[in-house]
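See below for the structure under consideration.
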Amino acid sequence: MNFLRNKTILAVTCLLLAESMVFYAYPKTEVIPLSRPLSELPQDINGWHMIQQSEMDAEVQALLKADDTVNRIYRNPEEKTSVSFYAAFFKTQRTGVAPHSPKVCLPGAGWVPSESTYKTIDIPGRGPITVNQYVVARGESKSVVLYWYQNHKRVVANEYAAKVWTVLDAMRYRRSDTSMVRVIVPVANGDIASSETLAAKFVQQVLPTASEYLPR
């Protein structure tokens, strides 16, 4: 039983068990609430103005299998750096479709992750949420990345915890709809701390509005 002492193997085992529970314990009928299209997310939110919107590449979309996505860049005239905002919505995870972790996707695009941690952000009208925060680098360029999983009940940072909550919510509420939200702020002049502060500020100012278009 020494293999159970390996944290990676144990985590993967728990993940597989969770997915098995979803398949066998999931109610036969599922509640799939109506959702507001992410494309209707306002272009202006609390001083942040959309300056660019990109459509998801067909090949990427085929791999991702999200039911809805939004990929934008916002800019606030009071800030020196723009912010990338991405969200992917999934109506159900019953068929095995689930959000892809940025820790997998970004390295595939050439970004090397480092300095991974959790960050707590106080959201007006909601209270504190805990999200993933890490720094990625590609050549001389660096960026701060925040991301999390969000459903109608909670915000979860840890991928494995999100799987467990999916099983519990499926059994209690007959719902498995979820979203993955990602915020990226470029690092200017090597000042990682300022980018971390700006990323958290953006989430505080934008998430209350964005949540109206995510699972509720």
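What follows is calculated from the coordinates using simple rules that are stated; it is not laboratory data. The shown structure was predicted, so the numbers you read here are calculated from the model rather than taken from an experiment. Quick reminder, even Gly has a Cβ in these numbers, built from the backbone with ideal geometry, and neighbours come from all protein chains shown.
A Cβ-based charge dipole, computed about the Cα centre of segment 87-160 with Lys and Arg at +1 and Asp and Glu at -1, lands at about 320 debye. Restricting attention to segment 35-146, the count of lysine pairs at 8 or more positions apart or across chains with alpha carbons under 26 Å apart stands at 8.
Sorting 130-141, 154-165 by average packing, meaning the other beta carbons within 10 Å per residue, from highest down gives 154-165, 130-141. Our summary gives segment 99-214 a relative contact order of 25 percent, counting only alpha carbon pairs under 8 angstrom and 6 or more residues apart.
Within the same chain, aspartates and glutamates fewer than 8 places from Lys163 are excluded, and of the rest, those with a Cα less than 16 Å from its Cα are Glu19, Asp177. As a length-normalised measure over Cα pairs under 8 Å and 6 or more apart, the relative contact order of segment 78-154 settles at 19 percent. For the peptides 173-183, 116-126, 202-212, residues were scored by their other Cβ atoms within 10 Å and the scores averaged per peptide; the highest-first order is 173-183, 202-212, 116-126. Taking 0.36 nm per residue of sequence separation and removing the Cα-Cα distance, the Gln204/Met50 pair yields an extension gain of 53.8 nm.
For a test of the definition: using alpha carbon positions, the gyration tensor, and the 1.5 limit on a/c, classify segment 37-139 as rounded, prolate or oblate. Rounded is the answer for segment 37-139, as its axis ratio a/c remains below 1.5.
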